[in-house]
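Novice: Sharing a structure here in structure tokens format.
Each reported figure results from applying straightforward, stated rules to the coordinates on display, with no laboratory input. Because the structure is a prediction, the values reported are computed rather than measured. For neighbour counting, all protein chains shown are included, and Cβ atoms are generated from backbone atoms with ideal geometry for every residue, glycine included.
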Amino acid sequence: MKSAKIFLIFVVFCTVGLLSSGVIIGSEHIPKLSNKEVVAIAKAKAQKSGYDLKKYDLKTFQFEFAKKDKTWNVFFEGKSPTRPGYHFFVLINDDTKKATLMRGE
């Protein structure tokens, strides 16, 4: 009985840790990059691509958002007043750290 309680506590602890780290439960790949590294890579890519980050808010970042492809998705949205296409995404490969910027349309 005691081992069952310890196991349950372990499962809850791991679940909370994964949720707070941006990992989607059910993912087959545990990310190598930390949240801090992902944000730094995304900001560097945006600046290198000519974006003035003072004009954008980092809205969300998630691991394997659309599909199980070891990719981080970082979303930036333009500050008010917003207009169509005033946003962009940075996709980051968790294995290679390669960042790809997707402009808003």
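Novice: Which semi-axis lengths, in whole Å and largest first, follow from the square roots of five times the eigenvalues of the Cα gyration tensor of region 27-103?
Specialist: 23, 13, 10
Novice: Is the shape of region 59-102 rounded, prolate or oblate, going by the alpha carbon gyration tensor and its root eigenvalues a ≥ b ≥ c, with a/c under 1.5 for rounded and a/b larger than b/c for prolate?
Specialist: prolate
Novice: Related question: Rank by packing, highest mean first: peptides 90-103, 63-76, 45-58, with packing defined as the count of other Cβ atoms within 10 Å averaged across residues.
Specialist: On the way: 90-103: 15.4, 63-76: 17.6, 45-58: 12.8.
By packing density, highest mean first, the sequence is 63-76, 90-103, 45-58.
Novice: Show which lysines lie in cross-link reach of Lys59 when reach means a straight Cα distance below 19 angstrom and same-chain residues fewer than eight apart are skipped.
Specialist: Answer for Lys59, where 19 Å is the Cα cut-off: Lys36, Lys43, Lys45, Lys79, listed by chain and number.
Novice: Same structure, new question: Ser49 to Lys97: extension gain in nm, 0.36 nm per residue of separation minus the Cα-Cα distance?
Specialist: Length difference between fully extended and current span is 15.6 nm.
Novice: Excluding same-chain residues fewer than 8 positions from Lys98, which aspartates and glutamates have a Cα within less than 18 Å of its Cα?
Specialist: Partners found: Glu37, Glu64, Asp69.
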